[in-house]
Amino acid sequence: MSPLIRPEATFCKTPFCGDLAALDGGIAVFGAPHGTPYQAGEPSHAAGGAAAVRSALSWYSTGPDKFDFDTMTTVFGGHRVMDCGDAGGDLMDGTKNRNAIRGATKGILLAGAVPILLGGDDSVPIPFIEGYDEYSDALCIVQIDAHIDWRDEVDGVTHGFSSTMRRASEMNHVTSIIQIGARGPGSARQSDLADARDWGVRFFTGRDVHASGVQAAINAVPDGCDVVLSVDVDGLDPSIVPGVILPAFGGLSYQQMLDIIYGLAAKARIVGADFVEYVPEKDPTGTGAQAIARLACNVIASASLRN
């Protein structure tokens, strides 16, 4: 596994741990600024997302002894949280990037910790989810996204950010996929939607959520299963996270996201999460980064630790 790179600022000022073997449980945050480029040498549009989310809450106290009225416990739910830095990014080599992300994920899981990944674009969850192949043989992916990401390829690239859930569906350890928040146009074709439904994906669109709430989606998650929550932040309404490349109106609210997180924690075991597709250059006030960081804090407080 390639060594992780120390970030300029850690997530919510948590301690840095550059040696995954030294984690010994807890929560491990790491970043992946680059995934699979569609064109060699082209930087990810969301390369600055991890750094922005890490520093978003430095303007007020994030100490773990503070009471959090979202979680109704202390910040991070009493869990020990470390920031392990960034998986190296190579603008010319998507395979190298995927290997680094997959290796970091496996290393964190081997150390008994729960990985929280900050992207980067929506190609980085592919190797992140792959990294669970020796951890769980019945992994449920709960994806929040305005788009379904079921393209087989785009311009010959099969592991880009339009193919994330199709690649996940091909992994033997992924046995169920719940997709929440789809709306508007994207790269998907009708055949992609048909393929996803044939595989067994349960879809809950943005309109479904606003009409009936999130409970139906929570009910679709198998009882007691291992869940990775995969959040493309354009799944949230652009009034909350404006910094995305394709804003889609009618997205999930912050409170609906909390309901999903705590609903999952009550129904299953949250064993990891990723937050991707944040473009800080399109969010000059930084409020989107603050919202993402707060959601990550709630996931951390709700995560299922093994020790």
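Model label sites at Ala194 and Ala211, defined 7 Å from Cα along the beta-carbon direction, differ in position by 2.3 nm. Put simply, when 22-31, 204-213 are sorted by average Cβ atoms within 10 angstrom per residue, most first, you get 22-31, 204-213.
With neighbours defined as other Cβ atoms within 10 Å of a residue's Cβ, the residues Arg183, Arg202, Arg306 order from fewest to most as Arg306, Arg202, Arg183. Among the listed options (1) 25, 22, 20; (2) 56, 21, 17; (3) 43, 22, 17, the one matching semi-axes √(5λ) of the Cα gyration tensor in Å as calculated from these coordinates is (1). Restricting to DSSP loop positions (anything but H, G, I, E, B) with no more than 11 other Cβ atoms inside 10 Å of their own Cβ, which GluC sites (Glu not before Pro) remain in the range 60-155? Loop-located and lightly packed - Glu134. Quick check for you: which residues of the range 245-259 have the amide N under 19 Å from the point 7 Å beyond the Cα of Asn219 toward its beta carbon? Residues 256-257, 259 qualify, since their backbone N sits under 19 Å from the label point. Shape class of the range 85-156 from the alpha-carbon gyration tensor: oblate, with a/c at 1.5 or above and b/c at least as large as a/b.
First measure r as the distance between the Cβ atoms of Ala266 and Asp152, then evaluate 1/(1 + (r/R0)^6) with R0 = 25 Å and state the FRET efficiency to the nearest 0.05. It comes to 0.10. Going 7 Å from the Cα of Ser304 toward and past its Cβ, which residues in the range 189-230 have a backbone nitrogen under 20 Å from where you end up? Inside the label zone: 202, 215-230.
Note on Lys13: aspartates and glutamates with a C-alpha under 14 Å away, same-chain residues under 8 apart excluded, are Asp65, Asp83.
Quick note: the coordinates plus some simple rules give every number you see, no bench work behind them. The structure displayed is predicted, hence computed values, not measured ones. Note that each Cβ is placed from the backbone with ideal geometry, even for glycine, and that neighbours are counted across all protein chains shown.
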